[in-house]
Amino acid sequence: MTQSRFFQWSLFFPFLVWCSALLVFSLAYRQGADFIVTNFTTAYRVLVPYLIFVAAVWKLAKNKSYRLLMLMASVLPVAWGVFFTLFYVVITLLTEQTIDKWYILCIMAFWATIVGYLAEIVPFFVLKTFKEAFRGDQREEANLTSESTVASGV
């Protein structure tokens with residue numbers, strides 16, 4: 001797996017943590033499937049913008065260098081906080097015909113940014129720790145690509 005591919009897949013880490021916590025909580029407190037479905041449907045204000053954000057970042061992170069990925073990892077939580085707040089304002093405006101007060105929006109942006117940084121800590125350390133292993137995979141993929149090109153006679 002390449003560094004950029006790992007970075008792309010790590011974007012789903014917060015979603016997996018949330019799903020796991022929801023499942024554990026529902027099992028621990030003996031909640032039924034209705035509880036899980038209700039939480040999925042009421043979490044659309046966070047899940048929809050996050051999945052849109054992940055799709056955009058997935059495209060941006062394709063085949064980027066390690067240095068650029070680290071820069072992206074340090075900037076993306078702030079971008080997520082801003083994106084989430086703007087998306088929330090639009091959803092609130094469409095559904096409730098009003099906008100929350102500015103200080104509530106600032107608090108939301110702050111917490112979205114903090115959660116973004118916390119969610120990226122584990123993938124960041126994995127990428128930093130196994131930096132050389134990921135580079136080795138890139139070399140192996142390059143060798144396999146060049147061998148298949150030579151074998152096909154191109």
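The values are calculated or read from the model by the stated rules, or taken from the named source; none is laboratory data. Nothing here was measured: the structure is a model prediction, and the numbers come from that model. Positions of Cβ are generated from backbone atoms using ideal geometry, with glycine treated the same way; all protein chains shown enter the neighbour counts.
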Test: residue in the stretch 60-67 that is modelled with pLDDT under 85 and hydrophobic (A, V, I, L, M, F, W, C): no
From the options V24, V82, residue that is within 18 Å of E120 (Cβ to Cβ), at pLDDT 80 or above and surrounded by fewer than 17 Cβ atoms within 10 Å (Cβ to Cβ): V82
Flag if V75 is surrounded by fewer than 16 Cβ atoms within 10 Å (Cβ to Cβ) and either part of a helix (DSSP H, G or I) or among the hydrophobic types (A, V, I, L, M, F, W, C) (or both): yes
The stretch 51-72 - residue that is within 19 Å of F13 (Cβ to Cβ) and among the charged types (D, E, K, R) and, of those, surrounded by the fewest Cβ atoms within 10 Å (Cβ to Cβ): K59
Hey, L118 at pLDDT below 70, assigned to a helix (DSSP H, G or I) and either of a type in the set (S, T, N, Q) or more than 18 Å from K64 (Cβ to Cβ) (or both) or not: no
Leading residue by the ranking (farthest from F125 (Cα to Cα)) among those in the stretch 1-17 that are among the aromatic types (F, W, Y) and under 11 Å from the mean Cα position of the chain (by Cα): F15
Members of the stretch 26-47 found to be among the aromatic types (F, W, Y) and in a helix (DSSP H, G or I), listed by number: F35, F40, Y44
Which numbered condition T113 misses (of (1) surrounded by 15 or more Cβ atoms within 10 Å (Cβ to Cβ); (2) in contact (Cβ under 8 Å) with a residue 40 or more places away in the chain): (2)
Residues located in the stretch 35-44, provided they are out of contact with any Leu (no Cβ under 9 Å at 6 or more places or on another chain) and either aromatic (F, W, Y) or surrounded by 14 or more Cβ atoms within 10 Å (Cβ to Cβ) (or both): Y44
